Amino acid sequence: MPVGTGAETLTQIPSVPYVIDPAAFFSMTEKQTYQAQALPAPGPGNFVPWNIPRVGVISKLVITFVGTLTISTAAVTPSFLWPYGLLSSFVLAANGQNDLFQVSGLDLDVLRYARYPYFVDHVDFFPGGLGGGTSIAVGSYPLYITWEVPIAIDDTTLGASLFAQSASTNITATLAQEQTANLIATGAAADWAITGNFLMEPVIWEIPVDGQGRLILPDISRLHTVVGLDTNFANTGDVPAALIRTAGQMERLFVRAYGAYPGTPLSAAPGTATTSLIDQIRLQYGGNQKPLQYNPASRLLSVNSQWYGQTLPYDTLCFDLIRENPVRDVLFYQGVTELQAVVTVDAAVVPGVGAKIHTVQESLI
């Protein structure tokens, strides 16, 4: 049975008469994919804001970077952040609730692979390899890089979509571009230049009206949130990473560990050198309750591979509580205390500057 006690929270409602009737909504609505709006890349370490149109019900946002990478003077090898880490931070805020989405480009890329098992990208285009490590020679290279922001919990029910069709609704997105130095493993930052635009494409659903003049809506009584959190560490052995307790329920928990940042993540994969190894991983609450334990941590890696048809990118591990049976497996935040992910770092690892456990909580609140 699910852990804890759940409580539904009505977090956004229209100020005009409405009825939540998913079946009627699906039979009468129309999908609208708006022409993408171009936002000039703000430059390394800078950010750019964007207001989502106040139209209909918003279920998804697709971000596409279209531009050019220019390597001058000498070859450069990208870091593990390349290319999806070009988006260093994405924040989605609805009427002042700034934690609906607060993630990196890597987090969004990992989430896409978890949401669409067996997903293989055949469109994105960039020089070098995923996760860096391949030298890029002097020259100019086209870039086409996409991220998906799943505002709704899924594409079928459209549950937790955002009601945007109101003058009092304010949904904003903020994109930050990664520092050049963090995108480079070897080479000079002066030899690396990226220009282009972030294209913002919302997926919007038309709102039908019934015979009584009421808006007909899908289930907007919940919010879908994806929030990242960093926990720094300087020790080996068990490293607890405290999680955010809020209303609602945990859908998935993604965990990634770094012995130094920027640097290549630690790995749970069999055969990994002990100097970069995650020995064990577990989910824990109440001080000593350990419902999900994986020893060795490669067991969770194997489960993820079975669920998604591949391991997740960037040595990310996932506690997926909705993959098999959401009603049975989800974790309700209000019923637990001291919720944390515990990563056992091998004794041979030498934590460096920026060593951290990066957790990403996907929740329905």
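The values are calculated or read from the model by the stated rules, or taken from the named source; none is laboratory data. The structure displayed is predicted, hence computed values, not measured ones. Cβ atoms come from the backbone with ideal geometry, glycine included; neighbour counts cover every protein chain shown.
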Sole exception among (1) β-branched (Val, Ile, Thr); (2) at pLDDT below 95; (3) surrounded by fewer than 20 Cβ atoms within 10 Å (Cβ to Cβ); (4) more than 21 Å from GLN361 (Cα to Cα) for ILE216, by number: (3)
Of the residues ALA347, ALA341, only one is of a type in the set (Gly, Ala, Ser) and surrounded by fewer than 16 Cβ atoms within 10 Å (Cβ to Cβ); which? ALA347
Could you give me the residue pairs with C-beta distances under 8 Å whose first residue belongs to the stretch 177-190 and is within 24 Å of LEU39 (Cα to Cα) and free of Cβ contacts under 8 Å to residues at least 24 places away in the same chain, whose second residue is polar (S, T, N, Q) and in a loop (DSSP other than H, G, I, E, B) wherever it lies, and which are 6+ apart or on separate chains? none
Could you list, in sequence order, all residues of the stretch 200-240 that are within 24 Å of PRO351 (Cα to Cα), of a type in the set (A, V, I, L, M) and within 18 Å of the chain's Cα centre (by Cα)? LEU229
Log entry, pairs with first residue in the stretch 251-268 being part of a loop (DSSP other than H, G, I, E, B) and crowded, with 23+ Cβ neighbours inside 10 Å, second being basic (Lys, Arg) and at pLDDT 95 or above, beta carbons closer than 9 Å, six or more apart or on different chains, reads LEU266/ARG256; ALA268/ARG299
Would you check if THR231 is in contact with a Gly (Cβ under 9 Å, 6 or more places away or on another chain), outside any loop (DSSP other than H, G, I, E, B) and either basic (Lys, Arg) or farther than 21 Å from PHE65 by Cα (or both)? no
Out of curiosity, is GLU324 more than 20 Å from the chain's Cα centre (by Cα) and among the charged types (D, E, K, R)? yes
Picking from VAL110, VAL138, VAL149, VAL103, the residue that is aliphatic (A, V, I, L, M), modelled with pLDDT of 95 or more, over 23 Å from THR33 (Cα atoms) and in contact with a Leu (Cβ under 7 Å, 6 or more places away or on another chain) would be VAL110
Return a yes/no flag: does the stretch 89-103 have any residue that is within 30 Å of LEU364 (Cβ to Cβ) and not in a strand (DSSP E or B). yes
List, please: which pairs have Cβ atoms under 9 Å, are six or more places apart or on different chains, and start with a residue in the stretch 111-125 that is closer than 16 Å to VAL149 by Cβ and end with one that is among the acidic types (Asp, Glu) and assigned to a loop (DSSP other than H, G, I, E, B)? ARG112/ASP121; ARG115/ASP154; ARG115/ASP155
Pairs under 6 Å by beta carbon, first residue within 16 Å of GLU178 (Cα to Cα) in the stretch 45-70, partner at pLDDT 95 or above and part of a loop (DSSP other than H, G, I, E, B), six or more apart or different chains? GLY45/GLN179; VAL48/PRO42
